[in-house]
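Here the structure is laid out as structure tokens; the discussion comes afterwards.
The values are calculated or read from the model by the stated rules, or taken from the named source; none is laboratory data. Source: prediction; values computed, not measured. Note that each Cβ is placed from the backbone with ideal geometry, even for glycine, and that neighbours are counted across all protein chains shown.
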Amino acid sequence: MDAQNPGDLEAALVGVESAVRLVFFTQTFGCETCLPARQIVDQLASFSDRISVEEFNLVLDKPEVKTYGVQRAPAIAVVGEEDTGIRFYGAPEGHELVSLVEAIALVASRDSGLSDESRARIAGVDQPIDIQVFATPT
Amino acid sequence: MALESPHITASVVAAVEYPDLVQQYRVTGVPKTVVNDHVEILGVEPEASFIDQVVGALA
């Protein structure tokens, strides 16, 4: 998937089968990438009626900030029937954008796509695990 | 993994935008994965190995 090609992004999302909410957190001051991030999120949501966007303010909307556990803006929570715990911090570009599109498609499919062994391994997890992946656009 | 378990959360962090986090976690190359603030995985690993290391962070 080529992040620079909107056609590729649209092709990946146009047929998503279940609803995905992109819960977007912004802040009014000191966030140069918040507007570009919101524009990207809006563009992705335009590819399917099943993708919607909700926006909250990191400073003003304290209950939602707490619910979604975001600490910085811009932040995108990818939410299906339930909160998946998947977050993107920063305005996604390049590989990061591809990852976001893939995450949306994954959440919509409701199938992690992992092997049976992997699923079994994960099923045994009963304490919090927080995974942070540092990425760059290229 | 986050999709499979309510206990697991996963964030992608745009390194360019958060130099303080890059410094805190000593990110010198990407992708770099940090699990529960103490297990580090550099680069891309095969699924089974990755999951082992992530779950291993609880040990």
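Of note:
- The residues in region A:80-138 that are touching a strand residue (DSSP E or B) at 6+ places or on another chain (Cβ under 7 Å), surrounded by fewer than 21 Cβ atoms within 10 Å (Cβ to Cβ) and β-branched (Val, Ile, Thr) can be counted, and the count is 2.
- Identity of the residue in region A:22-45, of a type in the set (S, T, N, Q) and at pLDDT 95 or above, that ends up farthest from A:Ala75 (Cα to Cα): A:Gln43
- For region B:21-30, the criterion of being among the basic types (Lys, Arg), closer than 25 Å to A:Pro74 by Cα and more than 7 Å from every other protein chain (Cβ to nearest Cβ) is satisfied by at least one residue.
- When A:Asn5, A:Asn57 are checked against the criterion of being in contact with a Ser or Thr (Cβ under 8 Å, 6 or more places away or on another chain) and over 25 Å from A:Ser112 (Cβ atoms), A:Asn57 stands alone in meeting it.
- Of the helices (runs of 4 or more DSSP H) lying entirely inside region A:46-136, those containing at least 3 residues that are more than 11 Å from chain B (Cβ to nearest Cβ), at pLDDT 95 or above and more than 15 Å from the chain's Cα centre (by Cα) are A:62-68.
- Scanning region A:1-45 for residues that are outside any loop (DSSP other than H, G, I, E, B), of a type outside the set (D, E, K, R) and farther than 21 Å from A:Glu81 by Cβ yields A:Pro6, A:Gly7, A:Leu9, A:Ala11, A:Thr26, A:Cys34, A:Leu35, A:Pro36, A:Ala37, A:Gln39, A:Ile40, A:Gln43.
- Where a residue in region A:25-36 is of a type in the set (D, E, K, R) and its partner, wherever it lies, is in a strand (DSSP E or B), with Cβ under 7 Å and at least six apart: none
- Restricting B:Val12, B:Val34 to residues that are in contact with a helix residue (DSSP H, G or I) (Cβ under 6 Å, 6 or more places away or on another chain), within 30 Å of A:Arg110 (Cα to Cα) and at the interface with chain A (Cβ under 7 Å from one of its Cβ atoms) narrows the list to B:Val12.
- Sole exception among (1) closer than 24 Å to B:Ser5 by Cα; (2) over 15 Å from the mean Cα position of the chain (by Cα) for A:Phe29, by number: (1)
- Filter result for A:Ala19 (closer than 15 Å to B:Val12 by Cβ, modelled with pLDDT of 95 or more and out of contact with any Asp or Glu (no Cβ under 6 Å at 6 or more places or on another chain)): no
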